[in-house]
Amino acid sequence: MTVRSAPAADVPTPEQVRAELAAWVRECWDPDRPLRDWRELLLGAGWAVPSWPRRWYGRDLPGWADELVATELIRLGAVGIPVGSGSWLAAPTILAHGPDELRERLLRPILTGAQTWCQLFSEPGAGSDLAGLSTTAVLDGESWVVSGQKVWNTSAHHADMAMLLARTDSSVPKHQGITYFALPMNQPGVEVRPLRQMNFHASFNEVFLTEARVPRENVVGAVGLGWAAALTTLSYERRFAALQRPGYSLTPGRALAEARAEADRHFATYSWYPQRAGRPDLVVEHARAAGVSTDPVIRQAIARLVTLHRVSQWTADRARLARAMGARPGAEGSIGKLAASNVARESARVHAMIAGAAGLLTGPDSALGGVIAEVLMSVPGQSIAGGTDEIQKNILAERVLGLPGEIRVDRDVPFSQLTGRG
């Protein structure tokens, strides 16, 4: 059952929310308080996730309240909920799909930062066909025994918990036999290996599961119905919220120091993501540094890129407004994902036009200190992360435009009968 905030009888205005929050922060904020103690106060007052139901640490406010309160807390010199996939992906999925016992046990440590999370969805043999996953989970008494391999798992090397998709029934079509689990990472049978990338970073991991165990009650939603919960997680993932770093106050204090250290650990993984996005913000600087800013062909290419980037930003603004009005992530996520891929590719093309063959050089004497080379190596990942461009096009074509679905010969076939699976 999906949990939704009940509409309040008298919905406060943003100005009223700001005033009430400011008064509460003045009364309760102590910069020398331990960070988790402060977040416990946030949860108790409903300011952690104000659009959530009161039972689950919220205030039953409209969707716009979450972003407003997060922004105001930082402006007031305080701290909000943790950064990372726990609060941005796992928590809203658990809230939406439950059950209550899992909400009661897992939401609080996520929102206080006591537990960090990673995502174990993709597999080497499934590619973009997430529903083709072959990792299995078999019930054994009071726990599920999980075996299989996952890949492209950001932050798996230091996560406490994982969002795990595993197959619990091979006798039904592939979308129907999947279960969504909350997997404890720190246990025998979970091996994490870093993946070295061609841009010299190692943000991702592959995870080998060999008879790892998940408590029987750690099922998000219901057994065999994990695909619906997975779609919820993916819809939030396409917002790329994990890339938005809070601008914490420079005021000294224990809580802020702990929050900055927490953010530093998280965002160290994403240090190359601006390059993956193409760095459209650097094209003018790059053109001037290369002495080609007056070249009419270069100027036209830059103008085209700036246009694409601005339109992409407007789409993101529209999605933000929809969420502020209480809508769950929708088509804007797929549109934004495709737009981001187009901007990244066009940006890489423009940087390559400006730099020429020298764009492949690295080191301090290369184009913008090696940043351009990293852009050219990293941009291909933009079209893969968060669901490939091809998957986004299918989503928009079928679910938004109502076009005929792609022919899928395996849609109604039991998974055990698919070639090489079972």
task = Show which aspartates and glutamates lie in cross-link reach of Lys337 when reach means a straight Cα distance below 16 angstrom and same-chain residues fewer than eight apart are skipped.
result = Glu237, Asp317, Glu346, Asp389, Glu390
Over the chain: helical MRE at 222 nm, DSSP H runs n ≥ 4 each giving -39500 (n - 2.57), nearest 500 = -12500 deg cm²/dmol
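Ratio of alpha-carbon Rg to the 2.2 N^0.38 Å globular estimate for the chain, to two decimals, please. Each step should come with its number before you reach the end.
On the way: Rg = 22.8 Å, N = 422, 2.2 N^0.38 = 21.9 Å.
Output field value: 1.04.
Write out the GluC sites (Glu not before Pro) in the stretch 153-230 meeting two conditions: DSSP loop, and at most 15 other Cβ atoms within 10 Å of their Cβ. Each step should come with its number before you reach the end.
Values: sites: Glu191, Glu206, Glu211, Glu217; in loops: Glu217.
Answer in residue order: Glu217.
Shape of the stretch 125-172 from its Cα gyration tensor (a ≥ b ≥ c, root eigenvalues): rounded if a/c is under 1.5, otherwise prolate when a/b > b/c, or oblate? Don't skip to the answer; put the middle values down first.
Values: a/c = 2.81, a/b = 1.14, b/c = 2.47.
Oblate, because a/c is 1.5 or more while a/b does not exceed b/c.
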inquiry  = Just to be sure I understand the curve: with the Debye formula and one point per C-alpha of the stretch 272-387, what is log10 I(q)/I(0) at q = 0.09, 0.19, 0.22 Å⁻¹?
reply    = -0.27, -0.94, -1.15
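What value does the stretch 185-318 have for Rg/Rh, both radii from Cα atoms and Rh as Kirkwood defines it? Working shown, then result.
Numbers: Rg = 21.5 Å, Rh = 19.9 Å.
Across the stretch 185-318, the Cα-based Rg/Rh ratio is 1.08.
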note = Looking only at lysines whose Cα falls under 20 Å of Lys150's and that sit 8 or more positions away or on another chain, we get Lys174
query = Hey, could you pull the Cα Rg and Dmax for the stretch 271-310, both in Å?
reply = 10.9, 33
remark   = D (µm²/s, integer) via Stokes-Einstein for the stretch 117-242, Kirkwood Rh across alpha-carbon pairs, 10 °C, 1.306 mPa s: value 109 µm²/s
request  = Give a residue-ordered list of calculated ³J(HN,Hα) values for the stretch 366-373 (Karplus: 6.51 cos²θ - 1.76 cosθ + 1.60, θ = phi - 60°; whole Hz; x for Gly, Pro).
outcome  = 8, 4, 6, x, x, 5, 5, 4
message = Averaged across orientations, what area in nm² does the convex hull of the alpha carbons in the stretch 14-83 project?
response = 4.3 nm²
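Just to confirm the filter: which GluC sites (Glu not before Pro) across the stretch 381-415 are DSSP coil and have at most 11 other Cβ within 10 angstrom of their Cβ?
Hits after loop and neighbour filter: Glu406.
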task = Run the numbers on the chain and let me know its relative contact order in percent, using alpha-carbon pairs under 8 Å that are six or more apart.
result = 15 percent
ask   = In whole Hz, what ³J(HN,Hα) sequence does the stretch 408-418 give by Karplus (6.51, -1.76, 1.60; θ = phi - 60°), x for Gly and Pro?
value = 10, 6, 9, 4, 10, 8, x, 4, 5, 8, 6
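Please pull out the direction-averaged projected area of the stretch 233-296, using the convex hull of its alpha-carbon atoms, in nm² to one decimal place. Walk me through the intermediate numbers first.
Values: hull surface 29.4 nm².
About 7.4 nm², averaged over all directions.
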task = For the stretch 273-280, just list the computed ³J(HN,Hα) in residue order, Karplus coefficients 6.51, -1.76 and 1.60, θ = phi - 60°, integers in Hz, with x standing in for Gly and Pro.
result = 5, x, 5, 4, 7, x, 6, x
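Only the coordinates and a few stated rules stand behind these numbers; no lab work does. Fair warning: this is a prediction, and the values are worked out from it, not measured in the lab. Glycine gets a Cβ as well: all are built from the backbone with ideal geometry, and neighbour counts include every protein chain shown.
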